[in-house]
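Data block below; observations after.
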């Protein structure tokens, strides 16, 4: 049995994982989720501490401990490694932003060329170049309708602005085995774009999985299978 600690992205809600959690638990694993601080001044340190506190409240989580970071959590999850009550056996990035030392999450978009990659992908798939961003089209296009409506009915709040202004404080990637899972149908961070960024910044190859940017909501069973394919011993 492993403990999967699931860190949400910009949404910041533990709810994001509600379809994946039963898939992991039905396979005999423990799961830790958390709501992230919504205060606009909450930065990388506060987000990382929220993750650590959620694990500590668990009181002796089962080993191995696997840390899973969705999208924007690629900036905060590496800060968690080394702070938990048990070692992180594996860090899994899911459709994630990969930071460079000293880079802010606000700078990441231009530095990586995300806008051009999204535009090129949209044009290649028949949506035309540089389409206006739309939550349903970019994020929820492959999520079941009832789940989409539940997600959008609560409104939600944007991520803290401090997250986008703070330079990533690490000088190098943590010395933790790292995997990168990328949805083949992600319209926001297209697959080929992520292949390039992950190679350049981590020296890794992405593992292609079914689904779009919100694979935990659209393809939870397949995501659970991917997470367990190389489960740490």
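The values are calculated or read from the model by the stated rules, or taken from the named source; none is laboratory data. Because the structure is predicted, anything quoted here is derived from the model rather than measured. Don't worry about glycine lacking a Cβ; one is built from the backbone with ideal geometry, like all the others, and counts go over all protein chains shown.
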Could you list, in sequence order, all residues of segment 14-32 that are in contact with a strand residue (DSSP E or B) (Cβ under 8 Å, 6 or more places away or on another chain) and crowded, with 19+ Cβ neighbours inside 10 Å? 16, 17, 20, 21, 24, 29, 31, 32
What are the residues in segment 53-84 that are surrounded by fewer than 17 Cβ atoms within 10 Å (Cβ to Cβ) and either closer than 12 Å to residue 159 by Cα or touching a helix residue (DSSP H, G or I) at 6+ places or on another chain (Cβ under 6 Å) (or both), if any? 83
Does residue 200 qualify as being surrounded by fewer than 18 Cβ atoms within 10 Å (Cβ to Cβ), modelled with pLDDT of 95 or more, more than 24 Å from residue 43 (Cβ to Cβ) and touching a helix residue (DSSP H, G or I) at 6+ places or on another chain (Cβ under 8 Å)? no
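Listed here are the residues, each with its yes/no results for (1) under 25 Å from residue 42 (Cα atoms); (2) under 17 Å from the mean Cα position of the chain (by Cα); (3) in a helix (DSSP H, G or I).
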{"position": "149", "(1), (2), (3)": "no, no, yes"}
{"position": "157", "(1), (2), (3)": "yes, no, no"}
{"position": "164", "(1), (2), (3)": "yes, yes, yes"}
{"position": "174", "(1), (2), (3)": "yes, yes, no"}
Okay, helices (runs of 4 or more DSSP H) sitting entirely in segment 48-125 with 3 or more residues that are touching a residue at least 60 places away in the same chain (Cβ under 8 Å) and more than 16 Å from residue 168 (Cα to Cα), I get 114-124
Here is a list of conditions, (1) outside any loop (DSSP other than H, G, I, E, B); (2) under 17 Å from residue 91 (Cα atoms), and residue 192 meets all of them except one; can you say which number that is? (2)
Conditions (1) part of a loop (DSSP other than H, G, I, E, B); (2) modelled with pLDDT of 95 or more; (3) surrounded by 14 or more Cβ atoms within 10 Å (Cβ to Cβ): number failed by residue 42: (2)
Across segment 182-197, what is the number of residues that are in contact (Cβ under 8 Å) with a residue 24 or more places away in the chain, in contact with a strand residue (DSSP E or B) (Cβ under 7 Å, 6 or more places away or on another chain) and surrounded by fewer than 22 Cβ atoms within 10 Å (Cβ to Cβ)? 1
Looking at (1) touching a residue at least 24 places away in the same chain (Cβ under 8 Å); (2) buried (at least 18 other Cβ atoms within 10 Å of the Cβ); (3) part of a helix (DSSP H, G or I), find the lone condition where residue 37 falls short. (3)
